[in-house]
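Below: the structure, in C-alpha cells.
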Amino acid sequence: MTAATGGSTGGTARWRHLGVSLVGLVAACAVQNGLPFLTAALREEGLSLAAIGLLVSAPTAGLVLSLLAWGAAADRYGERVVLGAGLGVAAAAMTGAALADSTGATGLWLLVAGAGSASVHAASGRLVLGWFPASQRGLAMGVRQAGQPIGVGVAAFALPWLAEDGPGTAFAALAAGCAVTAVLVGALVRDPARPGRLPGAPRPGSPYRSPVLWRVHAASTLLVVPQFVVAAFSFDFLVRQAGWSTTGAGALLAVTQLGGAAARLGAGAWSDRAGSRVGPLRLVAGAVAAVVGALAVVAVLTPDVLAPAAVAAAVVLSAIVTVSPNGIAFTSVAEQAGSAWAGRALGAHNTVQNLSATLTVPLAALLVERGPGYPAAFAAGAVAAALAVGVVPGRAVEASSRGAPRAADPAPSR
C-alpha cells in the first residue's frame, strides 16, 4: 500500500484526505439513505409501501453483509485500495439498477450497491484516525460524518426531480457520483503511516476486552432507530398527512440536512473540548428521545389540529437532532480500537447500526401502513433513544479503558 510521507501535520495533506473522506461519504450515503425520496416515483410504479420499504432497505442490507469484510481489508491492505474498489462496485451496481426491468432485479442491484459503498464507512474513518491528532479527531470525524446528512440533502434535492419520468435516471445519477468519487480516491488519497511493531513483539490485544466498545456499539444501534424512522418516513409523512407537495417536502428536508451537518460538527467539537466522547453522547441521546417523542405527539395532532408549518418545524428539529450522535460514537470506537483494530471495529460498529436500520424501516412501514400510523413509528424511535441513554458507558469506564492494553494509538501522519 502507499503510505503517506513528507509534509507536516499542519500542512494541507490531512485536510485533503478529510475532504475526500467527506465526498466519499456523501456519495455513499446518497445511495444508502437517499432512496426514501424516490417513494413517490416508486408508488407510481405500482409498488406498495411495504415493497418500497424493502427496496429502500436493500442498500443497508448490503452494508450489513459486507462491512466486517471491508474493515478487515482496510486493516490489512490500506484505505486507498478499499475505498476505490468499493466505490467502483457501487457505481457498477447502481448502473445495473438503472437498467433493471423488474423489482427483484432492482432490489438485488441495490443490495450490491450497498455492499460496495460500505467500504467508505470502514476505510474513511481510518483515514481520520491516522491523519489527525486526538485533540482534533472529534471535529474531524464530525466533518467526515457530515457527509451523511449532506448526502441525504443532495438526494432530497435531486432525486425527486430526476425521477419524474421514473427512478432509472435517479439511479444512474447515483452511479455517476460513486464513479467520480472513486477517481478522486485514486488521485488524491494516500494511506496514513502506521505505528511499527518491533520484531517478536506481541500483536495488539483485542479492544473488546473492555466493555466500552460493546456499550458504544449497543447505544448507537438503539440510536439508529429514531434516526431511520425520521429519515425514512418524514417525507411521506409531510406529503400524505401534512399536505406538503413532493417538491416542497424534498426541498425542506434537503435544507434540514445542512442543520444535521452542523449538529455533527458541533457535537464533535464539543467532545474534543470535553475530553470525552461518551459524556456528550449520553446527553445527545437524551435530546433525541425528547425531540422524537415530541414529534410523535405532533403526528397525533396532524392534520386536524396543527398547521403544516408547525408540523414541518417538528420534523426539521427531529431530522437535525437524530443525526448528531454519529460522529461522537465513531470517534470513540476508532480511538478505543487503535490503528491495528480500527477497520474491524468501525466495520462492526456500522454492521450493528445498519442491521438495526435494515430492520427498522420495514417494521416501521408496517406500523404506518397496517398499524396505528406515524405516531406509533415515531414513538418507537423515542423509546429506543431513551434506552440508549442508559446504555452509554460512563466517563470513568471510558477513562479506565483508555489505560487498558489495546492497539497502539497512531501518531498523526506526516
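Overview of values
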quantity: For VAL216: the one exception among (1) surrounded by 20 or more Cβ atoms within 10 Å (Cβ to Cβ); (2) at pLDDT below 90; (3) under 23 Å from the mean Cα position of the chain (by Cα); (4) more than 26 Å from LEU301 (Cβ to Cβ); calculated: (2)
quantity: Among residues of region 114-158, those that are of a type in the set (A, V, I, L, M), within 13 Å of GLY34 (Cα to Cα) and crowded, with 24+ Cβ neighbours inside 10 Å, counted; calculated: 3
quantity: Positions within region 43-99 being surrounded by 20 or more Cβ atoms within 10 Å (Cβ to Cβ), polar (S, T, N, Q) and at pLDDT 90 or above, in sequence order; calculated: SER66
quantity: Residue, farthest from ALA146 (Cα to Cα), within region 231-261, restricted to residues that are without any contact (Cβ under 8 Å) to a residue 60 or more places away in the chain and surrounded by fewer than 24 Cβ atoms within 10 Å (Cβ to Cβ); calculated: ARG240
quantity: Any chance VAL284 is free of Cβ contacts under 8 Å to residues at least 60 places away in the same chain, over 16 Å from the mean Cα position of the chain (by Cα), under 29 Å from GLU335 (Cα atoms) and surrounded by 21 or more Cβ atoms within 10 Å (Cβ to Cβ); calculated: yes
quantity: Elements of type helices (runs of 4 or more DSSP H) contained in region 301-383, each with 3 or more residues being in contact with a helix residue (DSSP H, G or I) (Cβ under 6 Å, 6 or more places away or on another chain), more than 16 Å from VAL229 (Cα to Cα) and of a type in the set (A, V, I, L, M, F, W, C); calculated: 326-337, 342-370
quantity: Lone unmet requirement of (1) free of Cβ contacts under 8 Å to residues at least 24 places away in the same chain; (2) within 15 Å of the chain's Cα centre (by Cα) for PRO226; calculated: (1)
quantity: Residues being modelled with pLDDT under 95, touching a helix residue (DSSP H, G or I) at 6+ places or on another chain (Cβ under 9 Å) and part of a helix (DSSP H, G or I) - total across region 100-113; calculated: 4
quantity: Checklist (1) over 24 Å from PHE330 (Cα atoms); (2) modelled with pLDDT of 90 or more; (3) surrounded by fewer than 24 Cβ atoms within 10 Å (Cβ to Cβ) applied to ALA201, failing item; calculated: (2)
quantity: Count of residues meeting criterion [part of a helix (DSSP H, G or I) and of a type in the set (S, T, N, Q)] in region 269-288; calculated: 1
quantity: Exclusive hit being more than 27 Å from ALA364 (Cα to Cα), of a type outside the set (D, E, K, R) and more than 18 Å from the chain's Cα centre (by Cα), set ALA69, ALA97, ALA85; calculated: ALA85
quantity: Yes/no for GLY130 being in contact (Cβ under 8 Å) with a residue 12 or more places away in the chain, within 28 Å of TRP270 (Cα to Cα) and either more than 18 Å from the chain's Cα centre (by Cα) or in a helix (DSSP H, G or I) (or both); calculated: yes
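The values are calculated or read from the model by the stated rules, or taken from the named source; none is laboratory data. Owing to the predicted nature of the structure, the values given are computational and were not obtained by experimental measurement. Quick reminder, even Gly has a Cβ in these numbers, built from the backbone with ideal geometry, and neighbours come from all protein chains shown.
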